[in-house]
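This report concerns only the one structure given below.
The values are calculated or read from the model by the stated rules, or taken from the named source; none is laboratory data. Predicted model only: the values in this text are computed from it and were never measured. Cβ coordinates were reconstructed from backbone atoms using ideal geometry, including for glycine residues, and neighbour counts include every protein chain displayed. Note: areas computed on protein heavy atoms with side chains; ligands, DNA, RNA excluded. Shrake-Rupley method; radii C 1.70, N 1.55, O 1.52, S 1.80 Å.
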Amino acid sequence: MSVITSEIEQFITRVVHDGSNYRMDAMEALYTDDMAILFPSQDGSIIAAPREEVFAEFAARGVAGEEPLATDYRILHVEEQADHATALLYRRMSDAAAPFLYELRLKRGGTYGWLVAGETVTPWPDPETAGAFLPARQSA
């Protein structure tokens, strides 16, 4: 069973709300300089979007006056080991966007006690295949 400390819970709330509202100054204080977001492309390859690229996308949306993103999220699991933690979130940015599973890789530091050092974003699992990460056993 994971233990979600109030410090991590509050930090994740800040990440979700500041990012969803394109608060670039606030986001600067939440992420390491070398963070990247990993996500699968439609052809199944993995794309690594560096901080500069991710921040540029959020900044452009804010400058264009786009509506804030939804702040729908649920912390599913947290593992904390010394100065590092991994948090798994259910996250949906809009009713028009599919839900995704976010893995936030955190490290101690920064103004709020933690920094996002990296993210992996994958489509939310199909309920029919949930837990089926191994194929069925073959009969002997």
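GNM on the chain, alpha-carbon springs under 10 angstrom: the most fluctuating residue among 18, 83, 43 is 43. Farthest toward the positive end of the dipole of the chain, out of 99, 3, 111, is the Cα of 3, where the dipole comes from beta carbon charges about the Cα centre. What the chain shows is 63 Å² of accessible area per residue, with the surface traced by a 1.4 Å probe over protein heavy atoms. Output the 0 to 90 degree angle, nearest 10, between the alpha-carbon long axis of helix 6-20 and the longest principal axis computed from the alpha carbons of the chain. For 6-20 against the chain, the angle is about 70 degrees.
For residue 97 and residue 63, the FRET efficiency from 1/(1 + (r/R0)^6), where r spans their Cβ atoms and R0 equals 25 Å, is about 0.75.
Net length available on complete extension from residue 82 to residue 126 is 12.5 nm, with 0.36 nm assigned per residue and the Cα-Cα distance removed.
Ellipticity at 222 nm from helices only: DSSP H runs of n ≥ 4 in the chain, each -39500 (n - 2.57), divided by the residue count, give -7000 deg cm²/dmol. Build a GNM of the chain with springs between Cα atoms under 10 Å apart, and of 112, 102, 31 the one that fluctuates most is 112.
Atom-type composition of the exposed protein surface of the chain places 53 percent of the accessible area on carbon and sulfur (1.4 angstrom probe).
Shape of region 53-134 from the C-alpha gyration tensor: oblate (a/c of 1.5 or more and a/b not above b/c, with a ≥ b ≥ c the square roots of its eigenvalues). When Cα Rg over 2.2 N^0.38 Å is computed from the coordinates, the matching label among [x] 1.09; [y] 1.13; [z] 1.65 is [y].
What angle, in degrees between 0 and 90 and rounded to the nearest 10, separates the Cα long axis of helix 51-63 from the longest principal axis of the Cα atoms of the chain? It works out to around 60 degrees. Were the residues from residue 47 through residue 21 laid out at 0.36 nm apart, the gain over their Cα-Cα distance would be 6.9 nm.
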